[in-house]
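Okay, so here's the structure we're looking at.
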Amino acid sequence: MIPRYSRPKMAAIWSPETKFQIWFEIEAHACDALAKLGVIPKEAARKIWEKGSIAKFNIKKINAIESVTKHDVIAFLTHLSEFIGPEARFIHQGMTSSDILDTAFNIQLMRASDVLLDDIDELLAVLKKRAYDHKNTVTIGRSHGIHAEPTTFGIKLALAYAEFARCRKRLENAKTEISTCAISGAVGTFANIDPRVEEHVAKALGMQTESISTQVIPRDRHAMFFVTLGVISSSIERLAVEIRHLQRTEVLEVEEFFFLGQKGSSAMPHKRNPVLTENLTGLARMVRSYAIPAMEDVALWHERDISHSSVERYIGPDATITLDFALSRLTNLIKDLLIYPDNMLKNLNKFRGLIHSQRVLLALTQAGINREDAYRLVQRNAMKVWNKGKDFLEELLGDPDICFVLSKEELREKFDLGYHTKHVDTIFRRVFSE
């Protein structure tokens with residue numbers, strides 16, 4: 001992951017120092033369990049913790065050993081033995097490399113999940129505040145990019161709140177699914193290590209035991225995790241694209257905050273571009289792209305191969321670091337978003353009442369006109385607005401076929417904006433009470 005899109009807390013989870021510390025703790029907890037079972041001396045387990053806890057792992061030295069052994073776990077254990085001394089012979093008893101690698105990887109994903117859950121909580125708080133601020137700020141709703149009927153900007157933000165609340169639940173479930181530990185030895189049969197060791201390590205690390213593993217933890221768990229991150233990124237992009245469209249010069253209903261000293265173009269000094277939301281769209285594409293290799297990792301050969309290993313070295317840090325950055329960027333974007341209610345009303349009225357066509361259609365049907373005839377009557381007046389710039393209400397008031405059925409007072413009432421916002425409170429109760 002490039003530093004430009006990294007935040008320190010998440011990046012630290014994927015540092016070599018953190019990884020090797022987790023590896024040590026897994027080994028040390030396993031030694032505690034082995035000591036309780038009488039497999040190794042209790043004093044040896046105590047010294048492993050004592051000496052290993054103060055060890056300063058030398059990343060360059062581990063890498064140098066690995067360049068010879070071609071095996072990362074052996075390189076780590078070789079380096080660790082330099083700190084532990086004679087008791088090092090009791091480390092890794094009956095275990096296989098995947099016991100360390102898979103359990104550690106899941107711990108990193110768990111910790112990354114906690115950061116992402118905090119990110120979503122911060123985003124939800126900002127969305128809720130701004131939704132209530134603009135609960136009754138009337139704006140035009142669009143379908144196919146074309147004016148449809150009025151809504152409120154608060155409803156738009158409430159929609160995003162509900163979407164990210166669902167994202168949070170999915171991430172909680174994905175974290176639970178990934179929170180498994182496997183200390184089951186070669187091919188997962190526990191032939192050389194007691195299942196109680198796995199239970200002890202899992203409890204010590206706040207994990208669940210894997211119900212059945214081969215030599216690796218089943219990768220369908222990881223696939224679901226990264227797919228969930230992909231869905232969250234899609235929700236980020238949906239909101240980002242909405243803002244990008246609303247910031248277009250011809251629309252200008254909202255705008256990213258433009259900081260003092262910021263420049264939009266090297267050539268055109270007047271430019272104020274939606275660079276943050278465009279950036280979020282790009283970052284979302286990256287996070288989603290990691291879901292495919294995660295799903296392809298599910299199909300490993302027999303009890304294991306390592307075709308997944310290189311993939312996970314990329315997607316573990318990259319997906320979580322990128323999503324962490326994107327969620328933080330989106331939160332700050334929404335917090336500082338410039339909102340222009342006057343422009344919203346101006347755009348809403350651009351087609352001179354055309355957006356009230358459905359109310360007139362329904363009124364005609366309720367007055368006894370069949371739907372096809374009512375549609376034809378309303379549409380022929382609506383086309384005059386599109387084609388000639390006429391005022392919709394004035395055209396309706398001048399249409400004898402319509403005025404034969406509806407009075408002028410009834411027609412004017414159908415152009416009341418308040419009609420479209422009468423259930424906003426109901427929508428907000430549904431969204432925010434959940």
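Spatially, the range 61-129 and the range 293-331 are offset by 15 Å when compared through their Cα centroids.
Using a 1.4 angstrom probe on the protein heavy atoms only, line up K60, K129 by accessible area, largest first.
Numbers: K60 170, K129 125 Å².
Sorted by accessible area, descending: K60, K129.
The listed residues F257, F432, F190, once ranked by accessible area (1.4 Å probe) with the largest placed first, stand as F257, F190, F432. Axis of helix 42-53 versus longest Cα principal axis of the chain: the two differ by about 50°, to the nearest ten degrees. Mean-square fluctuations from a GNM of the chain, with a 10 angstrom spring cutoff on Cα atoms, peak among L411, L159, L280 at L411. With all pairs of separate Cα atoms included, the range 117-270 yields a Kirkwood hydrodynamic radius of 19.6 Å. Ratio of Rg to Rh for the range 39-79: 1.10 [Cα atoms; Kirkwood radius as inverse mean 1/r over pairs].
DSSP beta bridges fully contained in the chain are about 80 percent antiparallel. With all pairs of separate Cα atoms included, the range 16-144 yields a Kirkwood hydrodynamic radius of 17.8 Å. In the range 84-162, the alpha-carbon atoms span a convex hull of 138 Å³ per residue.
Here the range 288-434 is treated as a Stokes sphere of Kirkwood radius computed over C-alpha pairs; at 20 °C and 1.002 mPa s its diffusion coefficient rounds to 103 µm²/s. Dividing the convex hull volume of the alpha carbon atoms of the chain by its residue count gives 199 Å³ per residue.
Over the chain, with a Gaussian network built from C-alpha contacts below 10 Å, which listed residue (E253, E410, E312) shows the highest mean-square fluctuation? Its mean-square fluctuation being the largest, the pick is E410.
Selection among G353, G316, A326 by position relative to the dipole of the range 280-366 gives G353 as farthest towards the positive end (Cβ unit charges, Cα centre).
Here the chain is assigned +1 on the Cβ of each Lys and Arg and -1 on the Cβ of each Asp and Glu. Its dipole about the Cα centre then comes out at about 1060 debye. Assign one of three labels to the range 188-328, namely rounded, prolate or oblate, based on the Cα gyration tensor with a ≥ b ≥ c the square roots of its eigenvalues; rounded applies when a/c is under 1.5, prolate when it is not and a/b is larger than b/c, and oblate otherwise. It comes out prolate by the Cα gyration axes.
Among K169/K271; K128/K422; K350/K422; K19/K169; K346/K414, which pairs are too far apart, with a Cα-Cα distance over 29 Å? Let's see the in-between values first.
Values: K169/K271 40 Å; K128/K422 20 Å; K350/K422 23 Å; K19/K169 27 Å; K346/K414 19 Å.
With Cα atoms farther than 29 Å apart: K169/K271.
Compared with the dominant Cα axis of the chain, that is its longest principal axis, helix 59-69 is turned about 70°.
Quick one: length gained pulling I2 to Q21 fully straight, 0.36 nm per residue minus the C-alpha distance?
Working: separation 19, 0.36 × 19 = 6.84 nm, distance 2.32 nm.
Difference between extended and current length: 4.5 nm.
Working from label points 7 Å from Cα in the Cα-to-Cβ sense, the R313 to E172 distance is 3.6 nm. For the range 172-200, backbone nitrogen atoms closer than 16 Å to the point 7 Å from D305 Cα along Cα-to-C-beta are found at no residue.
The alpha carbon centroids of the range 225-272 and the range 378-434 are separated by 32 Å.
Entry note, the chain: the mean residue ellipticity at 222 nm calculated from DSSP H runs of n ≥ 4, each adding -39500 (n - 2.57), is -21000 deg cm²/dmol after division by the residues and rounding to the nearest 500.
Against the main long axis of the alpha-carbon atoms of the chain, helix 371-388 sits at an angle near 90°. Under 5 Å between amide hydrogens, built in the peptide plane, is the criterion, and for Q208 it picks out T180, C181 among residues at least 5 positions away or on other chains. Got a number for carbon plus sulfur as a percent of the chain's accessible area, 1.4 Å probe? Carbon and sulfur together cover 54 percent of it. At 1.4 Å probe radius, can you tell me the per residue accessible area of the range 291-412 in Å²? So the range 291-412 comes to 54 Å² accessible per residue, rounded to a whole number.
Both the radius of gyration and Dmax for the range 202-273 are 22.6, 62 Å, in that order, over alpha-carbon atoms.
Could you work out the Kirkwood radius for the range 121-200, taking every pair of different alpha carbons, averaging 1/r and inverting it, reported in Å? Please list the in-between numbers first.
Working: mean 1/r = 0.0605 Å⁻¹.
For the range 121-200, the Kirkwood estimate is 16.5 Å.
Only lysines eight or more places from K36 in sequence, or on another chain, were considered; those with a Cα closer than 25 Å are K47, K51, K203.
Is the C-alpha gyration tensor of the range 250-374 telling us rounded, prolate or oblate? Criteria: a/c under 1.5 is rounded; beyond that, a/b larger than b/c is prolate, otherwise oblate.
Details: a/c = 4.16, a/b = 1.55, b/c = 2.68.
The shape class here is oblate.
The values are calculated or read from the model by the stated rules, or taken from the named source; none is laboratory data. Everything quoted here is computed from the prediction, not taken from an experiment. All Cβ positions, glycine included, derive from the backbone under ideal geometry; neighbour counts span all protein chains shown. What goes into the accessible areas is simple: the full protein's heavy atoms, side chains included, and nothing from ligands, DNA or RNA. Shrake-Rupley method; radii C 1.70, N 1.55, O 1.52, S 1.80 Å.
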